[in-house]
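Report on one structure; see the data block that follows.
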Amino acid sequence: MPADSAPKLFQRVPRGLFGPLGDPYAELYWELLSALYQREFEREPFEVIRSVAIEAAEEVIRGSALWTERRQELEAFAHEEADRPEGEGGGGSCPAGADAPEDTEAVLVRSLARRILARLERAGWVHFQYRAGVGEIMSFHPYAARIAETLLKVARDEQPVFQGYVHSIASLLEPKAFAQRPGVSLIEAKRHTLDLVRELKILERNIHLFTQRVLEEAASAAAVLEEGLERYESAVMANYHRLKTVDNVYRQRSAILDRLDAIERDEGALSAAARWYAVQRGVGESDGHAAVLTDLGLLRSQFDAIPGIVEEIDSRNARFSGVALRKLRYLLRQDRRTEGQLQFLVDALARGDAPDLEFDVYGCRLLSDGFLYTVPTKRPRPGPQTIRRRATPDRERLRKQVLAKLRRQFARRRIDEFVEGILAGRSAATLGEIPVPDDDGYVRLLYLCSYGLDGGSPFLVRPSPERVRKGAYGHPTGKIERTARPRSGPGTDARRGLRS
């Protein structure tokens with residue numbers, strides 16, 4: 001089959017697969033499909049028997065707005081159910097004391113649940129298979145499970161994680177990982193690259209839709225803020241901002257292109273990848289080698305296209321921000337500014353809500369000499385400037401400055417040396433002898449008392465209730481006594497090492 005021919009979809013899926021989703025009751029079918037998918041693939045125990053599938057259908061029917069708005073149509077649809085076994089789904093005779101209308105509704109809901117489940121089964125979404133000891137177990141067909149997963153992502157408005165794509169591609173092409181499984185790494189890197197470029201293109205084209213909604217649909221400042229700060233932030237800026245900052249695509253792009261160059265020069269890796277391609281596709285090794293080179297070329301071309309796409313996204317993102325800001329200003333100030341009044345008139349004329357107006361437009365030169373309007377002047381573009389070479393710094397002076405800042409002024413060792421100088425060979429001294437000339441001296445006294453009280457220094461401080469005043473500073477009196485050696489205790493050595 002030629003590479004550019006359309007794949008034969010309906011050789012893989014039934015022609016009527018999408019029939020239920022185009023039905024007048026499409027909401028019911030979709031809600032049941034999503035409920036069944038979540039029960040089989042996203043919740044424990046990941047097995048759905050027929051009775052559970054019918055109960056899920058009943059829950060969907062009762063919770064659907066269609067059951068309220070189009071009740072008669074759905075009841076008629078339920079009555080078309082084929083003969084139902086006696087007693088199934090709450091049918092048969094009413095239990096004693098039961099309310100007949102409620103019981104009738106339960107029968108109708110059960111019949112309707114069976115009908116929509118059977119329609120999904122006939123369309124090719126699900127099938128049932130018998131398992132001994134369990135019963136009939138529902139399963140999605142392989143193609144249906146993949147399609148349902150994609151539809152769920154769309155319905156949930158899940159946004160792609162751009163930096164996740166880039167990280168995966170770089171990891172797959174990393175030398176050690178690629179050397180272990182060249183074929184798998186290459187084909188997975190190709191898949192992630194196509195996903196990345198596709199999502200970037202979708203983002204670039206869909207920013208226009210956000211801009212149009214702000215211009216045409218946002219009728220209040222609150223609506224502009226909701227569109228610009230909530231929806232736009234989650235759909236565009238959350239992942240795109242990281243792609244431009246933390247996980248910069250250009251940094252990863254250069255590394256990936258370098259790795260592609262290295263792979264193209266590695267004959268051993270190319271041969272291993274070619275053999276894997278040949279086995280997977282059932283072709284000869286020469287065809288596998290050609291497929292490997294084609295995929296490498298595709299990867300390179302896709303990454304070559306990324307800068308242009310990102311540049312266009314930047315341009316459209318800037319336009320959206322400008323449009324949102326101008327619309328917000330217009331809505332907030334339209335009653336106070338001439339600009340807002342003019343915008344109001346233009347909007348009214350564009351919608352056809354204003355009556356026909358006849359007016360003439362004159363150039364500013366025809367107005368009086370006292371008119372305040374001035375023609376805007378074009379600013380000259382700044383020319384290139386020569387980068388001045390910075391003078392070579394004095395490394396020795398810088399080293400001394402940095403060392404002076406790094407050394408702790410009030411480390412325990414320094415305080416010990418200071419106290420040794422105060423004692424000057426004596427066994428004791430008074431706190432009143434400590435000089436306190438400025439704030440640094442006062443802070444040093446605080447550290448001295450703290451070290452003299454914790455038992456980790458070669459001196460002890462014994463404070464007394466009296467106080468002494470030295471200029472603007474006051475502190476308790478007391479004694480400083482020399483000890484033979486610091487008293488040992490848990491963590492003393494460690495504390496001393498850390499504090500010094």
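Every read-out reported here was derived from the displayed coordinates using simple, explicitly stated rules and does not represent laboratory data. As the structure is a computational prediction, the values presented were derived from the model and not from experiment. Here the Cβ positions follow ideal geometry from the backbone for every residue, glycine too, while neighbour counts run over all protein chains shown.
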Review point. In nm, what is the difference between 0.36 nm times the number of residues separating Val346 and Glu285 and their Cα-Cα distance?
Key: 15.3 nm
**Study point:** For region 165-175, 3J(HN,Hα) per residue [Karplus equation, 6.51 cos²θ - 1.76 cosθ + 1.60, θ = phi - 60°, Hz, x = Gly/Pro]
**Key:** 4, 4, 4, 5, 4, 4, 5, 5, 8, 4, x
Review point. Tell me, in nm to one decimal, what length is gained between His79 and Phe128 on full extension, where the rule is 0.36 nm per residue of separation less the Cα-Cα distance?
Key: 15.2 nm
Check your understanding: Exposure proxy check: Ile306, Ile415 ranked by fewest other beta carbons within 10 Å?
Key -> Ile306, Ile415
Revision key, fill the gap. For region 115-270 the mean separation of alpha carbon contacts under 8 Å (6+ apart) over residue count, i.e. relative contact order in percent, is 22
Check your understanding: For Ser51 and Glu27, what does the FRET efficiency come to when R0 = 22 Å and r is the distance between their Cβ atoms, rounded to the nearest 0.05?
Key -> 0.40
Review point. Can you give the FRET efficiency for Arg275 and Arg319, using 1/(1 + (r/R0)^6), R0 = 45 Å, r = Cβ-Cβ distance, to the nearest 0.05?
Key: 0.35
Point to revise | Cα-projected label distance for Ser5 with Glu481, points at 7 Å along beta-carbon direction, nm | key: 10.4
**Study point:** Arg329-Ser464 pseudo-label distance in nm [points 7 Å out on the Cα-to-Cβ vector]
**Key:** 7.5
Review point. How high is the FRET efficiency from Arg397 to Asp438, r the C-beta distance, R0 25 Å, rounded to 0.05?
Key: 0.45
Revision key, fill the gap. Per the rule of 0.36 nm per residue minus the C-alpha distance, extending Arg231 to Arg191 adds in nm 11.6 nm
